[in-house]
Each structure stands twice: as structure tokens, then as C-alpha cells.
Amino acid sequence: AEILGIGLDPAPAADGPAFRAKRGIKGPMVLYVGQVTEAKAVDELLHMWTAYVNALGEATLVLAGNVLMDVPKRPDVVVLGRVSEAEKWAAIAAADALVLPSHLASLGIVLLEAWQVGTPVVVPAWNAVTAGQVGRAAGGATYAPREDFPAALAAVLADRARRGESGRAWVEREGAG
């Protein structure tokens, strides 16, 4: 086995409040960054999101990335499409949590980027790589089965500052930031 590392540039300055104001987002904001496609489990995310909103109340899911699937028009889902690096960082800074539902992600670079700005994350427990990152960093939560997503997300939102700070400290300690 070989262990490969990556380096991350420092997080650029980003204006989360301006991002929220521009998009009219109030209350909790959850962000997904990546291809908006079934191959990345965004269809599952949308089903889990519905369960979260139905059980726990109002929030906004923001999808940032190339859209390669039909996304239902809903007032609690904002589809940005492909965004610039500056807008991506503003969205990450604005988010109360980032979710990466992918079954097969081999390295969650977006998780590291979220932690750089203190944003906690939610990932599926069955993805050993991203769940391992979250566990080592204590920077979020995992869910399994899918029905546990609402509780995992609620736990992260309730403990956002501590989990986000833990993720940020882990990225700094591990030398990726």
C-alpha cells in the first residue's frame, strides 16, 4: 500500500453573509458541492433532505456543481449549477454544514475545504474513506442507514461550532491547510 498526500492552499477570504443575502437564504443552510448526478448519490440526498425537512423543519439545501440530473423545483432547494471558485468558497463559508453523500468518493477534498473554514460535514457511514476522514477529524457525523440522515444532520447543526472547529484543527494539524 502507498499513502499519498495532498496540499491545500489556504482558504481564500469569503463572504458567507453576502452569499446568503444574494440568494435570500435564511435559517440553516446545507451545502453539496460536486456533480449533481445520481452517480454521486444526489438523488438519495434529495430523498433524505425531504425526510429531514418533514421531520425537523425549515432549512435550505444548496447544490453547487454541474447539473446532470433532473432536480425537482422546491422552495427549500437552491440549484446553483457550476460556480466560480470564489462563489464556491463563499457558499462553503455560508453553510452551516456540508453534505457529501457519495458512495464511492476516494478522497473528500471538499471535506477538507469545508473544515478549513470551520464548516462541519455529514457523510454516509458505508463510505469508509470519507467516514474515516470525519471520524479522525471529529468534524461532523455519519449516517447509516439512510433513514438516520435527519438525526445526523440535526446533530451536526446543533453542534456546528465545535465540530467545525475540530475539523479545522485537524486539517491544520495534519498539514493540509
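Quick notes on this structure:
- Of the two radii for segment 21-96, the radius of gyration is 0.94 times the Kirkwood radius, both from the alpha carbons; that is the Rg over Rh value.
- According to the calculation over all Cα-Cα pairs in segment 18-172, the P(r) per 10 Å bin from zero is 12, 46, 38, 4 %.
- For the chain, the membrane-span-like helix rule (DSSP H, alpha carbon extent of at least 15 Å along the helix axis, mean Kyte-Doolittle at least -1.0) picks out 42-56; this says nothing about an actual membrane.
- Estimated FRET transfer efficiency (ASP9, VAL129; beta-carbon r; R0 22 Å; 0.05): 0.50
- Span per principal axis, largest first, for the Cα atoms of segment 89-177 (Å): 32, 27, 21
- Computed over segment 45-177, relative contact order equals 23 percent, with contacts defined as Cα pairs under 8 Å that lie 6+ residues apart.
- Simple point charges give the picture: +1 on the Cβ of Lys and Arg, -1 on the Cβ of Asp and Glu, and for segment 1-92 a dipole about the Cα centre of about 400 debye.
- Carbon-plus-sulfur accessible fraction, the chain (probe radius 1.4 Å, protein heavy atoms only): 54%.
- Sequence of HIS47, HIS103 from largest to smallest accessible area, 1.4 Å probe: HIS47, HIS103
- From helices alone, the chain scores -12500 deg cm²/dmol at 222 nm; the rule is -39500 (n - 2.57) for each run of n ≥ 4 DSSP H residues, then divide by the residue total.
- Cα-centre dipole for the chain with unit charges at Cβ (Lys and Arg positive, Asp and Glu negative), debye to 20: 340
The values are calculated or read from the model by the stated rules, or taken from the named source; none is laboratory data. Quick caveat: nothing in here was measured; it's all calculated off a predicted structure. FYI the Cβ positions are ideal-geometry reconstructions off the backbone, even for glycines, and counts take in every protein chain you see. Each accessible area value is taken on the protein alone, full model and side chains, heavy atoms only, with ligands, DNA and RNA left out. Shrake-Rupley method; radii C 1.70, N 1.55, O 1.52, S 1.80 Å.
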